[in-house]
1. Relative contact order (percent) for segment 1-132, with alpha-carbon contacts under 8 angstrom and 6 or more residues of separation?
2. Tell me, what HN-Hα J-couplings in whole Hz come from the Karplus equation 6.51 cos²θ - 1.76 cosθ + 1.60 at θ = phi - 60° for each residue of segment 90-101, using x for Gly and Pro?
3. Report the dimensions of segment 29-70 along its three principal axes from the alpha-carbon atoms, largest first, rounded to Å.
4. Show me, for segment 10-23, the HN-Hα J-couplings you get by feeding each phi into the Karplus relation (A = 6.51, B = -1.76, C = 1.60, θ = phi - 60°), rounded to Hz, glycine and proline as x.
5. Can you give me the relative contact order of segment 68-114 as a percent, contacts being Cα pairs under 8 Å and 6 or more apart?
6. In which sequence would ARG87, ARG92 go, from the one with the fewest C-beta neighbours within 10 Å to the one with the most?
7. At 7 Å along Cα-to-Cβ for each site, give me the label-to-label distance between LEU27 and ILE11 in nm.
8. Read through the labelled values (1) 64, 41, 35; (2) 99, 90, 35; (3) 66, 30, 27 and report the label of the one computed as Cα extents along the principal axes in Å from the structure.
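Just so you know, all these numbers are worked out from the coordinates, no wet-lab data involved. A quick note: this is a predicted structure, and the numbers were derived from the prediction, not measured. Positions of Cβ are backbone-derived with ideal geometry, glycine not excepted, and every protein chain shown enters the neighbour counts.
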Amino acid sequence: MIPNPTPAGTIHAALALLCIAVGLIQLWRPKRGAGHRARGYLFVYAMIAVDGLALLVYRATGSFNVLHIGAIANFTCIVVAIVPMLRTPRPRNWKYLHYYWIAWSYVGLLSAGATQVAIRLSPLTSPGQVWAMTLAATVTVTVIGYMVIERNRPIPEQGASAVATMQQGGAPS
């Protein structure tokens, strides 16, 4: 545990834990309705705060590092996941885009969390060991996340002509 955590670090950690819980609920619950939307907006707003606060935390190395780049990448995933939902009319494949990018945002969050747990619980003695543990945790969570994302992804919607062709017994070309 970090002695005397900064206010930004404390809020960052608390909101990240909230996002992990909300994201897990979103994963298990049906993907429609007001509850999904409300939890989704809670997740999005909290993740924006988590990513912003991550850019204020420099205690690990004292300077901008790869973890800050991860926060920027996660923020990008959030924005790309939300934009198709806010467009009018929504693009044909908005559900697929939303799922894909929000899922990768969640994987990034879990990766950062796994890294923090691994670093704090391991008896690491050098910066090289810390970065090796960071890489191992990130790769492990990312590979598992990839498998879960691919297994649960919605089928991208096809155009009307492809659906009509399939209904007539043919295959889309």
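1. On the way: 89 pairs, mean separation 29.8, N = 132.
Reported relative contact order: 23 percent.
2. Once rounded to whole Hz, the list reads 5, x, 4, 9, 4, 5, 5, 4, 4, 4, 4, 6.
3. 44, 13, 12
4. Running phi through 6.51 cos²θ - 1.76 cosθ + 1.60 with θ = phi - 60° gives 5, 5, 4, 5, 5, 5, 5, 5, 4, 5, 4, 5, 5, x Hz.
5. On the way: 30 pairs, mean separation 21.0, N = 47.
Reported as a whole number, the value is 45 percent.
6. Numbers: ARG87 10, ARG92 14.
Result, fewest neighbours first: ARG87, ARG92.
7. Placing both labels 7 Å along Cα→Cβ, they lie 2.8 nm apart.
8. (3)
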